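Inspection log for the structure reproduced underneath, given as structure tokens.
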Amino acid sequence: MGTVVVSVDAELGWGFHDYPPDKQPRDRIELSRRGWRRLVRACEESEIPATWAVVGHLFERECNGAHVGHPTPPDWFAHERGDDPMPESLRFAPELIELLTDGPIDHDVGSHTYSHVEFGADYATPELARAECQRAVDAAAVSGLKLSSFVFPRNRIDHREALANAEFTCYRGRRPADGVSPLRKLAQATVLSEPPPLVTPTVDEFGLVNIPASLFLFGFEGVPRRMLSATVGDPIVKQAKLGVDAAARSEDGVCHLWLHPNNLTDAAAIERVRAIFDYIDRTRERTELTVETMRDVAAATIENRNSMTSGQR
Ligand SMILES: [Zn+2]
Ligand SMILES: [Zn+2]
């Protein structure tokens with residue numbers, strides 16, 4: 001029986017704070033709180049439990065921007081200080097996290113590091129990776145949450161041992177056919193009607209379950225999407241439906257969809273997400289398809305592996 005997994009990179013102001021000011025997508029950042037609420041609502045309308053990989057700093061309620069002892073590059077938290085700091089509403093979000101923990105859907109609240117450190121970057125020392133994991137775990141523990149799932153900022157996978165040490169159980173890996181060119185992906189989505197890849201969770205050498213991505217729901221934006229939407233419908237909705245169908249037909253394939261709250265900037269984006277979630281819900285009703293979080297997929301994968309190894313003895 002196949003499975004759909006939805007994961008969400010929830011970062012508000014932390015997603016681009018390391019970019020030069022003129023390179024930051026201000027409209028997306030400013031609309032991100034609204035996008036978060038809309039995405040929660042879309043999950044509730046279609047009863048979709050998702051994995052929300054939340055930047056750890058968002059669990060907090062205040063800070064002076066000093067972060068003494070945290071081994072980041074010197075100006076990493078500069079946006080929190082000075083005369084014109086980033087608004088608090090983009091740096092803290094306990095009330096948005098409560099929408100996930102206190103609502104009707106059993107969401108999986110996971111981690112997107114503490115301050116959106118790119119683990120594959122040159123500045124990301126093993127010490128910093130460890131500290132980012134630990135601070136994220138500690139910040140969530142204050143809210144009574146134990147984190148299991150991890151999403152690497154910008155999907156740059158590195159320092160996996162730091163995740164294992166902080167007792168994470170799983171992470172989102174890269175889409176299998178990552179060498180595929182954007183044009184080929186566009187052709188897959190529009191002309192060829194090929195589904196995105198179904199993925200198989202695997203256990204890595206650190207005991208972590210890798211649940212690779214199948215499809216980013218906002219992968220090719222801008223003019224081409226608008227052109228295509230006018231002619232053949234929303235190509236991403238089409239792709240996602242093909243993926244959901246493929247998962248429903250498969251024995252145990254996973255169709256792993258992902259997005260950010262800050263992608264929900266306009267009516268067309270919200271409509272896309274609602275159309276996909278509605279299709280998942282309807283497919284679940286007429287087939288064996290299940291919708292699971294990364295946490296639950298990881299637990300099942302580990303249990304399965306343990307029962308297989310005990311069966312061999
Ligand atoms: Zn801070
Ligand atoms: Zn991110």
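What follows is calculated from the coordinates using simple rules that are stated; it is not laboratory data. Since we're looking at a predicted model, the values are computed, not measured. No Cβ is skipped: glycine too gets one built from the backbone with ideal geometry, and neighbour counts run over all protein chains shown.
Could you calculate the contour length gain from Arg156 to Ser143, that is, 0.36 nm times the residue separation minus the distance between their Cα atoms, to one decimal place in nm? Write out the running numbers ahead of the final one.
Working: separation 13, 0.36 × 13 = 4.68 nm, distance 2.77 nm.
1.9 nm is the gain from fully extending Arg156 to Ser143.
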Got a sec to turn the phi values of the stretch 276-285 into Karplus ³J(HN,Hα) couplings, 6.51 cos²θ - 1.76 cosθ + 1.60 with θ = phi - 60°, whole Hz, x for Gly and Pro? 5, 5, 4, 5, 4, 4, 5, 5, 4, 6
What 222 nm value per residue comes from the helices of the chain, counting each DSSP H run with n ≥ 4 as -39,500 (n - 2.57) and dividing by all residues, nearest 500 deg cm²/dmol? -12500 deg cm²/dmol
What does the charge add up to near Gly2, with Lys and Arg as +1, Asp and Glu as -1, over the other residues with Cβ less than 9 Å from its Cβ? -2
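Provide the FRET efficiency to the nearest 0.05 for the Glu205-Ala177 pair, computing r from the beta carbons and using R0 = 30 Å.
Values: r = 23 Å, r/R0 = 0.77.
Using R0 = 30 Å, I get an efficiency of 0.85.
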Can you list residues whose amide H is under 5 Å from Asp108's amide H, if they're 5+ apart or on another chain and H is modeled 1.01 Å from N? Ala50, Thr51, Trp52
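So if R0 is 51 Å, what FRET efficiency would Arg286 and Asp84 give, r being the distance between their Cβ atoms, rounded to the nearest 0.05?
Values: r = 54 Å, r/R0 = 1.06.
So, using R0 = 51 Å, E works out to roughly 0.40.
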Could you give me the ³J(HN,Hα) list for the stretch 144-150, computed from phi with Karplus coefficients 6.51, -1.76, 1.60 and θ = phi - 60°, whole Hz, x at Gly and Pro? x, 9, 10, 7, 10, 9, 9
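Set the Förster radius R0 to 51 Å, insert the Cβ-Cβ distance between Thr309 and Asp22 as r into 1/(1 + (r/R0)^6), and round the FRET efficiency to 0.05.
On the way: r = 54 Å, r/R0 = 1.05.
The calculated FRET efficiency here is 0.40.
Quick one: in the stretch 47-123, what % of C-alpha pairs are over 18 Å apart? Could you put the intermediate results ahead of the total?
Values: 1433 of 2926 pairs.
Beyond 18 Å sits 49 percent of the P(r) for the stretch 47-123.
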Hydrodynamic radius (Kirkwood) for the stretch 1-90, which is based on Cα pairs only, to one decimal in Å: 15.2
Volume of the Cα convex hull of the chain, divided per residue and given in Å³: 144
Compare the Cα positions of Thr72, Asn210, Gly144 along the charge dipole of the chain (+1 at Cβ of Lys, Arg; -1 at Cβ of Asp, Glu; about the Cα centre) and return the one farthest towards the positive end. Asn210
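Pairwise over distinct Cα atoms, reciprocal of the mean inverse distance: report the Kirkwood radius of the stretch 229-313 in Å, one decimal place.
Values: mean 1/r = 0.0667 Å⁻¹.
After inverting the pairwise mean of 1/r, the radius is 15.0 Å.
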Hey, what do the phi angles of the stretch 130-138 turn into as Karplus ³J(HN,Hα) couplings, whole Hz, using 6.51/-1.76/1.60 and θ = phi - 60°, x for Gly and Pro? 4, 5, 4, 5, 5, 5, 5, 4, 5
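Kindly provide the trypsin sites (Lys or Arg not before Pro) of the stretch 1-72 that DSSP labels as loop, not H, G, I, E or B, and whose Cβ sees at most 15 other Cβ atoms within 10 Å.
Arg61
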